[in-house]
Amino acid sequence: MNFEVIDTKIDEIQSDCEIVLVVSKELKHRWIKDLDTLKTMGFKGNSKETAFLPHKNIVYAGVDSLESDDIRTAISNALKAIKNSNYKSIKVGLYTENCPPINARALAEGILLGTYSFDKYKSKKDDFSIKGIKISTEDYNGKIYAQESTQKAVEEAQIISEATNAAKDIVNTTPFDMTPKKLATYAQKMAKETDGVECFIGDEKFLAKEKMGAFLAVSRASSEKPRLIHLSYKPKNAKKRFVFVGKGLTYDSGGLSLKPSEHMVTMKSDKSGAAAAINIIRAAALLKLPFEVHSIIGAAENMIGGNAYKPDDILIARNGKSIEVRNTDAEGRLVLADCLDYAQDLKPDLFFDLATLTGACVVALGEYTSGVMGHSSSLKHSFAKAAKKSGELTGSLPFNKYLKKLLKSSIADLSNISTSRYGGAITAWLFLDNFIKEENKDKWLHLDIAGPAYVEKDWGYNQCGASGAGVRMCVYWMKEQTLENKEHK
Ligand code: BES
Ligand code: ZN
Ligand code: ZN
């Protein structure tokens, strides 16, 4: 998709079709040239509503407000309405009185995220004819804005949306085509193609040398061998060091605590944290953020077999703690325990883990919302604010000392599951907390993306399947750190 930001009135720009967003209840806007027709059609400008007038080469789309996420949804709806046309280029204006770059960013993101499709396994490929988008910097009142800041916003939006779409591709790819080894190859290729990104791959021998007993146990029964992927981006004079740890279960069958068949399908999505971590660092490098960024990915397959790890086994994690396995389907926390310990050796200023960790998080917050858990309220707060701007939904789940006790084991230092079936998203976080060093407690956030990472229906500007959850909120959060010099306590 080619974006052009043009400082000319929208009516003077040549294109095959025009998109006009209609803020509900403001049907009198001067860009609405077809008011009578729209009234006859019963068009009210509600969100989800579109009116395509092919003879006029114009499509109207309702928008609830000029909040970024409403704009993303509306422009995506407008494009859906002309999906089957053969238009090559469209034009759109900025609809704002005071801050055009924000709207331009949202428009570009809505266009790129909303037109994503995954057709790798279809014999007939989707063909979207629109290749060029022209954005006029004319505002609500007819004033033309300087092109420069709008152009920059569109370029950033392109980087972030393309990273999100790349994460969707990884997640949507089948477990056969995206094994731990293939995921590692993907990461290496990305590093090669992205200025400033380096990639280290650790194989089974490396994991053994690092004494990652929990990670190794999870991967043992699979014929696909595990990989630790360590990507890094180290710009000169970096202000801070951030680390993102991603759960990369390229398939989660549940292991010997086998999942029932209806829960097993979609478990190719258990690599969503990894897909996000790979693309967060890619976006950070392309945006040239002034931070050192690392992504640590635990890539493995949780399978059954004669050598599978078992309920009743006791594993020794990298930090020396012993873990009683009571359910082999609670495998993500075992892989993350070792990866989080490894990540702390990098002495991060702040670090995050992204994981499709628990079904309980989906029960708690619904399928569209990621759970945010951490000890530092200011870090949680700054993250939630950035996530909201990015268009990702988050909900905070609180610490609870009674839940923490439920992970006790009579035979090992802790059990990999809680003794209660309630509060599963929080107990999973509190399990991980056992692998965070005392001095790092306030530097860490746990992001449970099990809900939004993979949804089997279209929602907003997201498609059925992977949504690239985690990429946008983490990149937006890092971008915010360049604006303010925050202390997280
Ligand atoms: N990968 C799953 C969690 C999951 C569930 C992700 C639904 C996406 C959608 C994870 O490994 C798992 O199986 N967790 C168990 C934990 C339980 C055994 C304590 C779960 O949530 O049931
Ligand atoms: Zn599992
Ligand atoms: Zn899992």
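The values are calculated or read from the model by the stated rules, or taken from the named source; none is laboratory data. Worth saying up front: this structure is predicted, and the values here are computed from it rather than measured. In this analysis, Cβ positions are derived from the backbone assuming ideal geometry, glycine residues included, and neighbour counts consider all displayed protein chains. Just the protein is used for accessible areas: all its heavy atoms, side chains included, with ligands, DNA and RNA removed. Shrake-Rupley method; radii C 1.70, N 1.55, O 1.52, S 1.80 Å.
Assorted remarks:
- Only one of 272, 222, 257 that is more than 27 Å from residue 444 (Cβ to Cβ), touching a Gly at 6+ places or on another chain (Cβ under 8 Å) and within 16 Å of ligand 3 (Cβ to nearest atom): 222
- Count of the range 69-124 residues which are of a type in the set (Phe, Trp, Tyr) and open to solvent by less than 10 Å² (accessible area, probe 1.4 Å): 1
- Residue 168 vs. criteria within 30 Å of residue 265 (Cα to Cα), of a type in the set (Lys, Arg) and buried (at least 18 other Cβ atoms within 10 Å of the Cβ): yes
- Subset tally (residues that are closer than 18 Å to residue 249 by Cβ and in contact with a Leu (Cβ under 6 Å, 6 or more places away or on another chain)) for the range 356-375: 2
- Residue check for residue 167: part of a helix (DSSP H, G or I), in contact with a helix residue (DSSP H, G or I) (Cβ under 9 Å, 6 or more places away or on another chain) and in contact (Cβ under 8 Å) with a residue 60 or more places away in the chain: yes
- Check on residue 424, away from ligand 2 (no atom under 16 Å from the Cβ), crowded, with 19+ Cβ neighbours inside 10 Å and touching a residue at least 24 places away in the same chain (Cβ under 8 Å): no
- Matching residues, the range 314-324, being part of a loop (DSSP other than H, G, I, E, B), at negative phi and of a type outside the set (A, V, I, L, M): 318, 319, 321
- When the criteria are applied in full, residue 319 meets the requirement of being of a type outside the set (Val, Ile, Thr), open to solvent by 10 Å² or more (accessible area, probe 1.4 Å) and assigned by TED's automatic domain parsing to the domain that holds residue 433.
- The criterion of at least 2 residues that are among the hydroxyl-bearing types (Ser, Thr, Tyr) and within 15 Å of ligand 1 (Cβ to nearest atom) is met, among strands (runs of 3 or more DSSP E) falling completely within the range 325-418, by 369-374.
- Candidate set: the range 334-393, residues that are closer than 23 Å to residue 213 by Cα and among the polar types (S, T, N, Q); chosen: the one nearest to ligand 3 (Cβ to nearest atom): 356
- The range 216-230 residues that are assigned by TED's automatic domain parsing to the domain that holds residue 295 and modelled with pLDDT of 95 or more, paired with ones that are surrounded by fewer than 21 Cβ atoms within 10 Å (Cβ to Cβ) and among the aromatic types (Phe, Trp, Tyr) (beta carbon under 7 Å, 6 or more apart): 228/206; 230/200
- The lone exception for residue 247 - which of (1) within 16 Å of ligand 1 (Cβ to nearest atom); (2) farther than 23 Å from residue 372 by Cβ; (3) outside any helix (DSSP H, G or I) it fails: (2)
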